[in-house]
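The values are calculated or read from the model by the stated rules, or taken from the named source; none is laboratory data. The structure presented is a predicted model; accordingly, all values stated were derived computationally and were not measured. Positions of Cβ are generated from backbone atoms using ideal geometry, with glycine treated the same way; all protein chains shown enter the neighbour counts. Quick note on the areas: whole protein, heavy atoms, side chains included, nothing else; ligands and nucleic acids left out. Shrake-Rupley method; radii C 1.70, N 1.55, O 1.52, S 1.80 Å.
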Amino acid sequence: MAFSIQPLDAPLGVEVIGFDVDRDATPDAAARLKQAWLDHVVLCFRDQHVGPAGFVKLAGLFGKPTPQPLQRAEYQVAGHPELRVLSSEHRDTLGDNRLLRIGGSWHSDHSHQQSPPRGTMLHALQLPSHGGNTSFTNQHAAFKALPAAKQAQAKSLMVHHVYNSPYAPRKMQTLSAAEAQTAAPQAVHPLARPHPVDGRLALFLNPIRTARIEGMTDEASQELLDEMLEHSTQPQFRYSHTWRKGDVLIWDNPQALHMASHDYPENELRLMHRTLVRSD
Ligand code: SIN
């Protein structure tokens, strides 16, 4: 095969070099990439100077790209309901009009859904002169590194996820009443969540959405979730991706927390396309 998969110098993540979606998108290549995705959590395809159709085709190697939960005009990519524009210029237009700075604290995408998406894929279209990294954790490695008693405790607990937890470190964007009907469900998930592919356990955290652990007080819930977050975000479980224009990144939500850094000048544009992939 013409492309190569190379580990990054980090506790998780691989680079895919020389991948041409029109030439290399074969069933064999998809199987190889999906195994690397499961094993390494984050895959970075370098130099993907493709349009929206090429990006969707790449995502299709990993599962089914699905329509975005929020379909507002400013987020849409013409002809591609499965894509969303992520721009540093987007504001909370139905709220206080602040810059949204999307994804700016540790989270896992759409964990308030019964079946959160397996993968999230981003395509870097325009980048600020510096900063704007996306950081990831390996939640399977974090689970495995817990003492046995903590693993057993995590395995016994169920966690309630909502659109915006009262304990969240950041405020989600304001939804219209109609959007809240479809984009703000609630769900209960295990704290030690089995992976949909092979059942490996990962700590399923999401500080913006976890409201409480079932059977515990809010205070005790938050204390335990904070402790698990502190454990998971230690350097040995982390990778910070410095973007290059044309990078396409896909990560395995059941095994990762992620966070965007909005540490770049406010007048510089950071522009991405995003798609969510469901397991096939
Ligand atoms: C997200 O959290 O969905 C976006 C992450 C990023 O923009 O780096």
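For this structure, a couple of remarks:
- Heavy-atom accessible area, probed at 1.4 angstrom with all protein chains present, ranks Thr66, Thr26 as Thr26, Thr66, highest first.
- Applying Stokes-Einstein at 10 °C and 1.306 mPa s to the Kirkwood radius of the range 108-178, computed over alpha-carbon pairs, gives a translational diffusion coefficient of 98 µm² s⁻¹.
- Bridge type composition, the range 4-278 - antiparallel percent by DSSP, nearest 5: 95 percent
- Cross-link partners of Lys155 among lysines, defined as those whose alpha carbon lies under 16 angstrom from its own and excluding same-chain residues fewer than eight positions apart: Lys144.
- Principal axis box of the chain, alpha-carbon based, largest edge first, Å: 53, 43, 34
- Under 15 Å, Cβ to Cβ, from Ala220 - net charge with Lys/Arg +1 and Asp/Glu -1: -4
- Karplus-derived 3J(HN,Hα) values for the range 51-65, using 6.51 cos²θ - 1.76 cosθ + 1.60 with θ = phi - 60°, are x, x, 5, x, 5, 5, 5, 4, 4, x, 5, 9, x, 9, x Hz; glycine and proline are entered as x.
- Spin-label pair Phe3-Arg32: with each label point 7 Å from Cα along the Cα-Cβ axis, the two points sit 0.9 nm from one another.
- Estimated purely from DSSP H runs of n ≥ 4, each contributing -39500 (n - 2.57), the mean residue ellipticity at 222 nm for the chain is -6000 deg cm²/dmol once divided by its residues.
- Surrounding net charge for Leu100, when Lys and Arg each add one and Asp and Glu each subtract one, Cβ distance under 10 Å: +3
- Computed from phi, the 3J(HN,Hα) profile of the range 129-134 under the Karplus parametrisation 6.51, -1.76, 1.60 (θ = phi - 60°) reads 5, 7, x, x, 4, 10 Hz, with x in place of Gly and Pro.
- Binned Cα-Cα distance frequencies in the range 156-273 - 10 Å width, integer %: 11, 34, 36, 17, 2
- Listed by chain and number, the lysines whose alpha-carbon sits under 21 Å from that of Lys57, ignoring those within fewer than 8 places in the same chain, are Lys34, Lys245.
- Taking Cα centre as origin and charging only the Cβ of basic (Lys, Arg, +1) and acidic (Asp, Glu, -1) residues, the dipole magnitude of the range 4-278 rounds to 400 debye.
- Inter-site label distance for Thr182 and Arg244 at 7 Å from Cα along Cβ, in nm: 3.8 nm
- The modelled label-to-label distance between Asn133 and Arg200, using points 7 Å beyond Cα along the C-beta direction, is 2.3 nm.
- Each residue of the range 20-99 gets 129 Å³ once the volume of the Cα convex hull is shared out per residue.
- Karplus-derived 3J(HN,Hα), 6.51/-1.76/1.60, for each residue of the range 151-156, Hz, glycine and proline x: 4, 5, 4, 4, 5, 8
- Stokes-Einstein diffusion coefficient of the range 119-222, Kirkwood radius over Cα pairs, 10 °C, 1.306 mPa s, in µm²/s: 99 µm²/s
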